[in-house]
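Below you'll find the structure, written out as structure tokens, and then a few comments.
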Amino acid sequence: MIKHELAKLVEIAAREAQSKDLIPPTALPEVSVERPQNPEHGDYASTMALKLARAARMNPMVIASAIVSSFPPIPGVEDITVVAPGFINFRLTDNWLREQVPVILGAGASYGSLDIGKGQRVQIEFVSANPTGPLHVGNGRGAMLGNALANILAAAGYSVEKEYYVNDAGSQIEVFSNSLHARYLQALGKDVAFPESGYGGQYMIEVGQELATEYGEKYLDQPSQLGAIGLERMLDMIRVDLANLGVVFDSWFRESSIYKEGKYQAIMDLLKEKGYVAEREGALWFTSTSLGDDKDNVLVRTTGVPTYFAADAAYHYDKLAERGFDRAINIWGADHLGHVSRLKAALTGMGIDHQRLNVIIMQLVTLKRGAEAVRLSKRTGDIITLREVLEEVGADACRFFFLSRSADSQMDFDLELAKQQSNENPVYYVQYAHARIASILDLAKDRDIDFSDGDVSLLATEAELELIRQMILLPEVIEMSAHNLEPHHLPHYAQELAAAFHSFYTVCRVVSEDIPMTKARLKLVQATKIGLARTLALMGMTVPESM
RNA sequence: GCGCCUGUAGCUCAGCGGAUAGAGCACUGGUCUUCGGAACCAGGUGUCGGGGGUUCGAAUCCCUCCAGGCGCGCCA
């Protein structure tokens, strides 16, 4: 990446200036090269001189000049300028820009891929909604975030595995089984009461009826067996919803396997051995306060039943110690914030560096219809499912909406507004650019134009060069997104790339009587298609050849 | 009470300690006999929630206050 090359050269030039005694030999700050927001300031800029000014006790303008005078000539860069109060600005040559077109064509579908992950194994766990009901919009957001992040990390050179943690044990499942059993009995005409805090949703009635028709009275006295069947139904439904969003998991990990396969017992033994388990008031506690957490946590209840936390500790030990992932990333809703510190403490207690686990806390999605708020709880039953929202608003519009906002920002999903705006959704703007290019390439094919010998040095208008400038940003966007675990940069970048293309399109005729120019622009357009397709694919969205 | 997140244009949101704080939507005007008008070009709006502080420089970092969301279970 040219950005890193420039940063390195700034550092070399600064050292050179120091060795020539032009500036004092102070420690150099970490060099970063940025993109100025004002294009008049060039393509890249360094603030090295400004940062050095204090320690060097010199005017930053003088420092900048000293650094610039120590620069070796850089291929591809012209006009290294010093601008008040001390910026060093770089401008890429038109020629260098043009040469990026064949580079992109050569990279093809892998354009933008990086090697910063060095093949490290990363597991990313997301959605993991309880299989006690259908997915809601919040789960949709998590699904898109996790999926895009997985794509980004894979593009950045990590070996990524996507996992769904299935909570198929514990008290919620018991409640689910009892609720379903009641609906099942009711469907069979029995007059039974529905559990007070059971899952009251309409879908439970439907599944109860289905099971009653299929199995008759087979499970009259077996709520947990019935529940197990119902749970698989729910999982199938979840899988379908996720597939509709384009999200497919590599593995589905069952909480129950933690008990069946002795993983729970293993970590309990480990924690005891390390001295982090204490018995108090008939329960077993993890003494996380000794590891800096603000409170101790129960591992095994007075009833002898392990807590969710105990299972979660075992699950994460399995990820990081047994299955050997270098890193684990969890995407959790803000309502799970309270788990983070104790899980990290547990990892520390088990001898695992907790920095290998990143927990992304995603702020919740609140659903509104106009001014009216809609609750999302499965317990209360009155939910609007992800499926309904996708049908109402459209999958790609939803995807783009979910991805455009950072995980930190809380989302008001107004169904009225979303529907109203779906036709104006920026996602179509981006996809349209791709489809337009596909259409141009079709035309070229119809006319039997072979542009493999196109001469990119003919690309000279500002619109053409600006389009290339946008394209070379993709690797930087991927790097930043991977580094910060922030997929939301992609939709913004996608819009800018599409905008650069649309502007180019109105100014420059691609297929024309001028054959050499036609061929050069076909190359440019083909490269743009690669960039747009890659960006859309990273976001997990459809890449239409026509719309 | 304590902790985490958020507060930026009318609305929805970007903004990696740097240059004149940006985009989409909405609004107004213009562009088209041509490769897809789901397009392009132009117009303008900001106490960056308030107040202090650090810095050559703060929307960005620190403190404090205000407002909203979430969390602080032998629930998951």
Discussion item. Compute the helix-to-body angle for A:202-215: its Cα long axis versus the longest principal axis of chain A, expressed 0 to 90° and rounded to tens.
Written reply: 60 degrees
Worksheet, complete the sentence: Sorted by chain and then number, the residues having a modelled amide H within less than 5 Å of the amide H of A:G117, at least 5 places away or on another chain, are A:G157, A:Y158
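What does the highest-first list of A:351-357, A:385-391 look like by mean Cβ count within 10 Å? Walk me through the numbers on the way to the answer.
On the way: A:351-357: 15.0, A:385-391: 18.3.
The most tightly packed comes first, giving A:385-391, A:351-357.
With runs of 4+ DSSP H residues as the only contributors, calculate the mean residue ellipticity of chain A at 222 nm using -39,500 (n - 2.57) per run, divided by the residue total and rounded to the nearest 500. Write down the numbers at each step before the final one.
On the way: 20 runs with 275 residues, N = 547.
Helices in chain A give a 222 nm mean residue ellipticity of -16000 deg cm²/dmol.
Which order, highest average first, do A:175-181, A:15-21 follow once you tally other Cβ atoms within 10 Å for each residue and take the mean per peptide?
Working: A:175-181: 23.3, A:15-21: 15.0.
Output ranking for A:175-181, A:15-21: A:175-181, A:15-21.
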Worksheet item: At what distance in angstrom do the alpha carbon centres of the stretch A:477-513 and the stretch A:158-189 lie from each other?
Response: 43 Å
Item to complete: With everything on Cα atoms, drop me the angle between helix A:395-404 and the longest principal axis of chain A, reported from 0 to 90° to the nearest 10.
Response: 70 degrees
Worksheet item: Cα to Cα, under 29 Å, and not fewer than 8 places away if on the same chain: which lysines meet these conditions relative to A:K190?
Response: A:K218, A:K378
Item to complete: Would you pull out the residues with amide H under 5 Å of A:G86's amide H, same chain only if 5 or more places away, H placed 1.01 Å from N?
Response: none
Worksheet item: Angle between the Cα long axis of helix A:462-471 and the longest principal axis of chain A, 0 to 90 degrees, nearest 10?
Response: 40 degrees
Worksheet item: Whole-Hz Karplus ³J(HN,Hα) for the stretch A:261-277, in order, using 6.51 cos²θ - 1.76 cosθ + 1.60 and θ = phi - 60°, x for Gly and Pro?
Response: 9, x, 6, 5, 4, 4, 6, 5, 4, 4, 5, 5, 4, 7, x, 9, 10
Response to the item:
Residue by residue through the stretch A:298-309, the couplings from Karplus 6.51 cos²θ - 1.76 cosθ + 1.60 with θ = phi - 60°, in Hz, x for Gly and Pro, are 6, 9, 10, 5, 4, 6, x, 8, x, 7, 4, 4
Practice prompt. Straight distance only, please: which lysines reach the Cα of A:K8 with their own Cα at less than 26 Å, same-chain residues fewer than 8 apart left out?
Written response: A:K20, A:K51, A:K118
Discussion item. Could you sort the peptides A:290-302, A:223-235, A:124-136 by per-residue average Cβ neighbour count (10 Å cutoff), highest mean leading?
Written reply: A:124-136, A:223-235, A:290-302
Worksheet entry | chain A: C-alpha gyration tensor shape, a/c 1.5 cut-off, then a/b vs b/c | oblate
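Once neighbouring chains are kept in place and the probe is 1.4 Å, which whole percent of the accessible area of the stretch A:107-249 is contributed by carbon and sulfur?
Values: 2590 of 5370 Å².
Carbon-and-sulfur percentage of accessible area, whole number: 48.
Can you pull the percent of the stretch A:2-92's accessible area that's carbon plus sulfur, 1.4 Å probe, other chains left in place?
Details: 2620 of 4890 Å².
After summing per-atom areas, the C and S share lands at 54 percent.
Let me make sure I get this right: for the stretch A:214-338, a, b and c are the square roots of the gyration tensor eigenvalues over alpha carbons, sorted descending. Under 1.5 in a/c it's rounded, otherwise prolate if a/b > b/c, else oblate. Which is it? Don't jump to the answer; show the numbers that get you there.
Working: a/c = 2.23, a/b = 1.43, b/c = 1.56.
Oblate.
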Fill in: Alpha-carbon centroids, the stretch A:90-155 and the stretch A:514-547: separation in whole Å
18 Å
Item to complete: Return a whole-number percent for the relative contact order of chain A, with Cα pairs under 8 Å and 6 or more residues apart as the contact set.
Response: 16 percent
Item to complete: State in Å² the accessible area per residue of chain A; use a 1.4 Å probe, count heavy atoms of protein chains only, and round to the nearest integer.
Response: 44 Å²
Worksheet, complete the sentence: Share of accessible surface on carbon and sulfur in the stretch A:425-538, whole %, 1.4 Å probe and ligands ignored, is 52 percent
Worksheet item: How far is the Cα center of the stretch A:226-242 from the Cα center of the stretch A:18-87, in Å?
Response: 60 Å
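The values are calculated or read from the model by the stated rules, or taken from the named source; none is laboratory data. Being a predicted model, the structure only gives us computed values, none of them experimental. Every residue, glycine among them, receives a Cβ derived from its backbone with ideal geometry; neighbour counts consider all protein chains shown. Each accessible area value is taken on the protein alone, full model and side chains, heavy atoms only, with ligands, DNA and RNA left out. Shrake-Rupley method; radii C 1.70, N 1.55, O 1.52, S 1.80 Å.
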